[in-house]
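Read-outs: derived from the displayed coordinates by stated rules, not from any lab. Please read all numbers here as calculations on a predicted model, not as lab measurements. Because the Cβ atoms are built from the backbone with ideal geometry, glycine has one as well, and the counts that use them run over all protein chains shown.
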Amino acid sequence: MTIDNRFSRRGFLAALAASAGTLAGCTTGPLRRRPAPTPGIVQRPVGPPSEAELQVMYGPVEDGGYLIPAVPYQQIDPQFYRQRVYDPTGEAPGTVVVDTPSRLLYVVEPGGTAMRYGVGIGREGFAWQGDGVIHWRQAWPHWKPPNEMVARQPSLAKYSIENGGMPPGLDNPLGARALYIFQNGEDTLYRLHGNPEWQSIGKAVSSGCVRLLNQDVIDLYARVPAKARIVVWQ
């Protein structure tokens, strides 16, 4: 969804007059100073995406040498589509907020809006909450399950930290992007990450992390600044 910049009629005419004056000064005489045109109001469309926008947002994407398949978004609850909304969090612009009970993630924007994404969250007993920092980010990351997970699922031993993890790819559980959450300078082992399983959006299925559609996590990755604050509600 794009930001729609519109000039008022008055601002447009002022800009046109200023442009004409500049060209005349270059050819017939000294440049005359004119007032700058009034900046247009930046309008951020708020509301659900159109069908045409959904087809683009969740269509196939070539990224990093991988072809991410289209998402059958028609089979996902529309409340979980990526969309701009009026900010319900009250947090400062640039903050990431995960509303765990609602299965929604927000990136707060200036001007009272936020970009919202549907997410899958951790199963009860594995979820994390609190206030942290997105310490670093990675495109097409390796997946290194923590030792505790390997102990619960021995079949994952070949992807352990000691063995270097699972290489990037479409089957990697972290998907196309991963954002790593730290608290008090320590890794929480909690991630915002992509996800090849679109069926998990809106559900509690993962082992403690927040998962997004791969198309959405690519968009999120481009919006979230380094060292962004993250708040997770329970």
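Worth a mention:
- Residue-wise HN-Hα couplings along the range 107-114, as the Karplus relation 6.51 cos²θ - 1.76 cosθ + 1.60 with θ = phi - 60° gives them from phi, are 10, 6, 10, x, x, x, 10, 8 Hz; Gly and Pro carry x.
- In order through the range 95-103: 3J(HN,Hα) via Karplus (6.51 cos²θ - 1.76 cosθ + 1.60), integer Hz, x for Gly, Pro: 7, 9, 10, 10, 8, 4, x, 8, 6
- P(r) tail for the range 50-162: Cα pairs beyond 18 Å make up 68% of the total.
- The amide H of Tyr81, built 1.01 Å from its N in the peptide plane, has no neighbour under 5 Å, considering only residues 5 or more places off or on other chains.
- Scalar couplings 3J(HN,Hα) for the range 153-165, obtained by applying the Karplus form with A = 6.51, B = -1.76, C = 1.60 to θ = phi - 60°, are 10, x, 5, 8, 4, 5, 9, 5, 4, 5, 9, x, x Hz; x denotes Gly and Pro.
- Neighbour-limited loop hits for trypsin sites (Lys or Arg not before Pro), the range 41-149 (at most 15 other Cβ within 10 Å; DSSP other than H, G, I, E, B): Arg123
- Note on the range 130-156 and the range 61-114: Cα centroid distance 22 Å, given to the nearest whole angstrom.
- Gyration tensor over alpha-carbon atoms, the range 45-233, equivalent ellipsoid semi-axes in Å: 25, 20, 15
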